[in-house]
Amino acid sequence: MKFQSKTKIGIFIGAVVILLVIGVLFFCIAKPSTSDEITTSYLRGTFSIDYSDLNAVVGDADYVFVGTVASEEGTVYKNAVTVETDDGKTREVSSPYTNYTVNVTKNIKGNLVTDTAIPIQKSGGLSEDGSQYFVYEGDELPVVGNEYIFFAYAQPDGALLISGPVSNMSVSDNTSDIAPSSDSTEYSDIVDAYNNQVDSGRTRFTSSYEAK
């Protein structure tokens, strides 16, 4: 009887060890490797305004507003150029533009509709081969569900483009139930910049999503 008890105990311990080993192996296989994470490349460019000056940023934009990202609607690729690869071959590389819908919660500059989600297009996004994200240095891709201050440019067809090193700014310290953004430092800074904006004199268009 003692021998059988010891045998049962040994089998039980062995089974537990096997389960633990299987569990560890499953965790290691299921856990994504850090080497598989998609990297982000930051773009630099020459611009007509000083993006470190909020007065200039607000003055250059056609619309400045607070909004919550309702959805991400995929990426389109534009401005294809032919580049030479390391092996001497050539391939086309296009710039990613990410489509979103946004609920405007407060207009700062301009008067966009607030009763329905509107589409915007963001310069930047996942590369066509899926290997990396591209955004301007100092900028970030919006996240669905988060609130931002957007700096938008109306296009000739009435669409809204957000582009540049400062094209959307995260809103933090939201404590008001009625107008959450009003209590944030970012919001106060942008309102101040709006009151002191510097018009860049660029050609302007009107968005199709102007409130009537």
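Of all the numbered requirements in (1) closer than 23 Å to SER207 by Cα; (2) open to solvent by 40 Å² or more (accessible area, probe 1.4 Å), PHE134 misses one, and that requirement is (1). Taking the range 150-160 as the range and being surrounded by fewer than 17 Cβ atoms within 10 Å (Cβ to Cβ) and either charged (D, E, K, R) or under 13 Å from PHE65 (Cα atoms) (or both) as the test, only ASP157 passes. Of the residues in the range 137-159, at least one is in contact with a Leu (Cβ under 8 Å, 6 or more places away or on another chain) and at pLDDT below 90. Looking only at the range 102-131, residues that are of a type in the set (S, T, N, Q) and open to solvent by less than 30 Å² (accessible area, probe 1.4 Å) come to 2 in all.
Counting only residues that are over 21 Å from ALA117 (Cβ atoms) and open to solvent by less than 40 Å² (accessible area, probe 1.4 Å), which one in the range 161-185 is modelled with the lowest pLDDT? Checking each candidate, the answer is SER176. Here's a check for you: in the range 94-124, which residue that is of a type outside the set (D, E, K, R) and outside any strand (DSSP E or B) is nearest to ASN196 (Cα to Cα)? Ranking the candidates gives GLY110 first. The listed residues are VAL166, VAL135, and the only one of them that is closer than 21 Å to LEU43 by Cβ and touching a helix residue (DSSP H, G or I) at 6+ places or on another chain (Cβ under 6 Å) turns out to be VAL166. Every test in (1) within 15 Å of the chain's Cα centre (by Cα); (2) free of Cβ contacts under 8 Å to residues at least 24 places away in the same chain; (3) assigned to a loop (DSSP other than H, G, I, E, B) is passed by MET169 save one, and that test is (3). Within the range 189-208, if we keep just the residues that are in a helix (DSSP H, G or I) and within 19 Å of ASN168 (Cβ to Cβ), the residue that is nearest to the chain's Cα centre (by Cα) turns out to be ILE190.
The values are calculated or read from the model by the stated rules, or taken from the named source; none is laboratory data. All values derive from a computational prediction rather than experimental measurement. With ideal geometry, Cβ positions are generated from the backbone for all residues, glycine too; neighbour counts draw on all protein chains shown. Areas reflect the complete protein model, heavy atoms only, side chains present, ligands, DNA and RNA absent. Shrake-Rupley method; radii C 1.70, N 1.55, O 1.52, S 1.80 Å.
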